[in-house]
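Participant: Let me begin by handing over the structure; questions about it come next.
All of the numbers you see were taken from the coordinates with simple rules; none came from a lab. Since this is a predicted model, take the numbers as computed values, not measurements. Backbone-built Cβ (ideal geometry, glycine too); neighbour counts: all protein chains shown.
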Amino acid sequence: MLIVFDLDGTLVDSVADLAGSVAELVTSLGGRAVSQEEVGLMIGEGAGVLVRRALLSGGVDPDTPGALPQFLRIYDRRLLETTTAYGGVEEALLMASRRSRLAVLTNKPQAPSERILDGLRLRGYFEAILGGDGPHGRKPDSAGLRSLARGAEPLMLVGDSPIDWQTSVAAGCAFAWARYGFGAARFEGTPPVTPFVLERPADLAAVLDRFVAITSGG
């Protein structure tokens, strides 16, 4: 069995550091500071998309030269100022690691993804981490997810946002919705169709029990 986790909004609450970095970028370019709530609805499709959305929202030309590299430099500096694992995540990962292979699939670039997991002492739970700047493309492209799987083993993607849901549909695998994550608001009242829902990270044990029962025909 393989359980693949999204990063931002599923394993870690990173919205404050992302929002602060976005606000610093936009205001440095003469725009209006974008709020944390606004930024939370922009996250999930990679840094390039986030920067374009934030610049547009802040009244700045989204094609401003050098905006993305500038954002990445700012975010690199602020990466772990407030970012933390959601409560219960480490305990859930310890439990899951005894039952399954674990991996991370994120649209965040590889280097900051690894730094966050290292900084929060979570990296050791995962046999693989795939960032959005790798050779497989970004979610909802399912190539990265499929590359993590080995043959026909049971596969589940755990994520909070519509992008994660779309990725699981494209891969034809089970989806566990982390409803506690900040990306959940992007479903806008139309939740994903899945029997696997986490109101909090501690719900992962019950979700895995149900997943195993379904996949084993129990």
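Participant: With a point put 7 Å past each Cα toward its Cβ, work out how far Arg99 is from Ser216 in nm, to one decimal.
Facilitator: 1.0 nm
Participant: Which whole-number percent gives the relative contact order of segment 15-78, counting Cα pairs below 8 Å spaced six or more residues apart? Don't skip to the end; give the middle numbers.
Facilitator: On the way: 76 pairs, mean separation 23.5, N = 64.
Computed over segment 15-78, the figure is 37 percent.
Participant: Of [x] -0.55, -0.77, -1.02, -1.16; [y] -0.69, -0.85, -0.99, -1.06; [z] -0.50, -0.70, -0.92, -1.04, which one was derived for log10 I(q)/I(0) by the Debye sum over Cα atoms at q = 0.11, 0.13, 0.15, 0.16 Å⁻¹ from the structure shown?
Facilitator: [z]
Participant: In whole percent, what relative contact order does the chain give with Cα contacts below 8 Å and a gap of six or more residues? Each step should come with its number before you reach the end.
Facilitator: Numbers: 390 pairs, mean separation 53.0, N = 218.
It rounds to 24 percent for the chain.
Participant: Could you put Tyr75, Tyr125 in order, starting from the residue whose Cβ has the fewest other Cβ atoms within 10 Å?
Facilitator: Taking fewest neighbouring Cβ atoms as first place, the list is Tyr125, Tyr75.
Participant: In nm, what is the difference between 0.36 nm times the number of residues separating Ala206 and Arg123 and their Cα-Cα distance?
Facilitator: Working: separation 83, 0.36 × 83 = 29.88 nm, distance 2.32 nm.
The Ala206-Arg123 span can extend by a further 27.6 nm.
Participant: If each of Asp61 and Gln36 carries a label point 7 Å out from its Cα toward its Cβ, how far apart are those two points in nm?
Facilitator: The modelled label-to-label distance comes out at 3.3 nm.
Participant: May I pose another question? Among Gly183, Pro109, Thr167, which residue has its Cα furthest toward the positive end of the charge dipole of segment 72-218, with +1 on Lys/Arg Cβ and -1 on Asp/Glu Cβ?
Facilitator: Toward the positive end, the furthest listed residue is Pro109.
Participant: Can you pull out the trypsin sites (Lys or Arg not before Pro) in segment 17-125 whose DSSP state is coil and whose Cβ has at most 16 other Cβ atoms within 10 Å?
Facilitator: Qualifying residues, ordered by number: Arg32, Arg98, Arg99, Arg121.
Participant: In which sequence would Ile214, Ile43 go, from the one with the fewest C-beta neighbours within 10 Å to the one with the most?
Facilitator: Placing the least packed residue first, the sequence is Ile214, Ile43.
Participant: As a test of the formula, what do you get for the chain when each DSSP H run with n ≥ 4 contributes -39,500 (n - 2.57) and the sum is divided by the residue count, at 222 nm and rounded to the nearest 500 deg cm²/dmol?
Facilitator: -12000 deg cm²/dmol
Participant: For Ser35, Ser168, which order do you get if you count the other beta carbons within 10 Å of each Cβ and list the fewest first?
Facilitator: Ser35, Ser168
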